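The values are calculated or read from the model by the stated rules, or taken from the named source; none is laboratory data. As the structure is a computational prediction, the values presented were derived from the model and not from experiment. Here the Cβ is made from the backbone with ideal geometry for all residues, glycine too, and neighbour counts use every protein chain on show. When the accessible area is computed, the model is the full protein with side chains, heavy atoms only, and any ligands, DNA or RNA have been set aside. Shrake-Rupley method; radii C 1.70, N 1.55, O 1.52, S 1.80 Å.
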Amino acid sequence: MPSFVYVLGCRAKGRTITYVGWTTDVTRRLSQHNSGKGARSTRGRAWVLLHTERFRTRRQAMSREWYLKRDRIFRKSLAQVF
């Protein structure tokens, strides 16, 4: 089953916040974040999808998620476009 890594963005108090996660259904997961049923750190904000990557396995997606969470330069470049 294909898995995806995604980066979300949100404007808050003059800055852009990003969130990185993985899922098997990006649309469903974005809806969960925006409805307040996502991760605790995403609740109460309006999120937009900034970036997705598709992987063949869950393990590959989780590995890439770990890397992206630590790659602040990449996340900052996505936030500037937003």
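Some notes on this structure:
- Between the helical axis of 58-70 and the longest alpha-carbon principal axis of the chain there is an angle of about 30 degrees.
- In the range 1-80, chymotrypsin sites (Phe, Trp or Tyr not before Pro) in a DSSP loop with at most 11 other beta-carbon atoms within 10 Å: none
- 3J(HN,Hα) along the range 22-37: 9, 6, 9, 9, 5, 4, 4, 5, 5, 4, 5, 4, 6, 8, x, 9 Hz, from the Karplus curve 6.51 cos²θ - 1.76 cosθ + 1.60 with θ = phi - 60°, whole Hz, x for Gly and Pro.
- Given a 1.4 Å probe and the protein chains as shown, Lys69 ends up with an accessible area of around 80 Å².
- Additional length obtainable on full extension of the chain from Ser31 to Arg59, 0.36 nm per residue less Cα span: 7.7 nm
- Rounded percent of accessible protein surface that carbon and sulfur make up, the chain, 1.4 Å probe: 51
- Computed with a 1.4 Å probe over protein heavy atoms only, the accessible surface of the range 1-65 comes to 64 Å² per residue.
- 222 nm mean residue ellipticity, helices alone, for the chain (DSSP H n ≥ 4; -39,500 (n - 2.57); rounded to 500): -12000 deg cm²/dmol
- Near Leu8, once Lys and Arg are set to +1 and Asp and Glu to -1 for all other residues with Cβ below 12 Å from its Cβ, the sum equals +4.
- Radius 14 Å from Cβ of Leu78, net charge of other residues (Lys, Arg +1; Asp, Glu -1): +4
- Axis of helix 72-81 versus longest Cα principal axis of the chain: the two differ by about 60°, to the nearest ten degrees.
- Percentage relative contact order, the chain, counting C-alpha pairs under 8 Å, at least six apart: 38
- The convex hull built on the alpha-carbon positions of the chain has an orientation-averaged projected area of 5.1 nm².
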